[in-house]
Amino acid sequence: MRPLRHRRTAPDAALLREAELRAEKVVSILRIFVALGLMVVFFLAVGEPPEEIADFLREQWIFAVLSMLSYLLLGVFSLWLARSGRFRRWMIWPVVTLDCLFMLVNAWVGLENISMPGALTFLLPPTWLVPVVMAFAVLRFNPYLQAYCVVLIVAGLGYLSFVSDVTVSPDAINRIKHLVSVPPNIVRLTMILLAGVVLVVAAAALRDLLHRTLIETEKRLLLTRYLPARLADRIQGETLADVRQEQRQDMAVMFVDIRGFTSWAEGRDPAEVGAFVTEYRIRVQKAARETGGMVDKFIGDGAMLLFDGEAAPQRALECAQRLSEEVQDWSETRLKAGRSAVSVGIGLHWGEVFSGVVGDEDRLEYTALGDTVNIAARLEQMTKACAMEIIVSDAVLAAAGEPARAGWIALEPAPLRGRNQPLALFGQKERPRKEAC
């Protein structure tokens, strides 16, 4: 099995990045739609200008048409970048800046052309693009980008409103009257309508993102429910097809079982048996967690643990020792309370396994199969006959290195079913229990 890689980022962050890039395509299309919509309304709403302000309006109209064409080209260009795969996340910032500047520059040119004071900035139709530009920013799902857009717009309009100060001439008064006539009001209503359309799209995009996030969360919960917790954490960023790719790899496989559990449980209250098994499993999980192992499965009073990756043999041996200490402490606590003692048998082997995830979205199960697993299970079964608490194979100690051999008792090589040669084994006896107080 290929090494399971750690995710560089959280799944939600990946979803947000994907949503941002998808949103850029939508924003580009909406930008084209806004530019074309304004051009259509402009040519339909604007009629023959009054003769006394005809020159002024022609200049204003020429600039407006050029601005809308430029905005249209920006939309086409950004859409091409997004669809061709050339768009990068950092490009969102300059594009948002251009959106804001498009509105601010149009407002500034309007003030200059009409020679009106900045206090009347909000009479200009371009300022009604503010909801559209902010709605575009909402689609990016980035609060920092939204804040940048707000600051840029407020600062720009504030400058135009409070810094610019031009004396109003009689000619300017006639021009200002035209700003509150029917054609400019039609343009304003159109801008509000376009802002509403963009916000509807933004709401739909947010709903879609929420829906996909819930689906991803459900998948992660499914993994956590059916797979070992450590494995689920490592593969939750992959697809179901990825985790089904079963491969061979070297692992340390450990089996642990409570001795005499069946006879102890016979005739006891089910609640007492359940509490006992829960305490036992908590200790197994603690030892595995502290040594980087995976509890592959619990089977009654037995458990199967797996260790892969860096220093797996050393970590597996350490886990066996910790589990022995945990059970001994637990047993002593039970003896002090007047209850029966607890002892376990632990078998550990190192070798190649065939491992992976099987099943569908309704039921996933992690499997580790092969001779290594079978041998580890048999070693655990041998602990009682050999009067040992832990039995490990020579393969584990060899893989862990020479220092790991200290403290182990060499056992008689044991013939195992399915193997031509006896297996070199080593054991450790259960530590003497302290006297109960």
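Which cross-chain or sequence-distant (5 or more) residues have an amide H under 5 Å from the amide H of residue 430, H modelled 1.01 Å from N in plane?
389
Based on the mean of other beta carbon atoms within 10 Å per residue, what is the order of 292-305, 63-76, 265-278, most packed first? Walk me through the intermediate numbers first.
On the way: 292-305: 19.6, 63-76: 16.5, 265-278: 11.3.
So the order, starting with the most tightly packed, is 292-305, 63-76, 265-278.
Quick check: net charge around residue 265, other residues with Cβ under 11 Å of its Cβ, Lys/Arg +1 and Asp/Glu -1?
On the way: positive: 268; negative: 266, 269, 272, 301.
Once all neighbours under 11 Å are counted, the net charge is -3.
Please state the equivalent ellipsoid semi-axes for segment 91-146: what are the square roots of 5 times the Cα gyration tensor eigenvalues, largest first, in whole Å?
Those come to 26, 11, 7 Å.
Residue-wise, which Karplus ³J(HN,Hα) couplings in Hz belong to segment 251-261, taking 6.51 cos²θ - 1.76 cosθ + 1.60, θ = phi - 60°, and x for glycine or proline?
Taking θ as phi minus 60°, the curve returns 9, 9, 10, 10, 10, 9, 8, 7, 7, x, 5 Hz for segment 251-261.
Whole-Hz ³J(HN,Hα) for each residue in segment 394-411, computed from phi via Karplus 6.51 cos²θ - 1.76 cosθ + 1.60 with θ = phi - 60°, x for glycine and proline: what do you get?
Values per residue, Gly and Pro as x: 4, 4, 5, 5, 5, 5, 7, x, 4, x, 6, 6, 4, x, 9, 9, 6, 9 Hz.
Where a number appears in this text, it was derived from the coordinates with a stated rule and is not lab data. Here the structure is a predicted model, which is why all the values come from computation and not from measurement. Every residue, glycine as well, gets a Cβ built from its backbone with ideal geometry; the counts of neighbours run over all protein chains shown.
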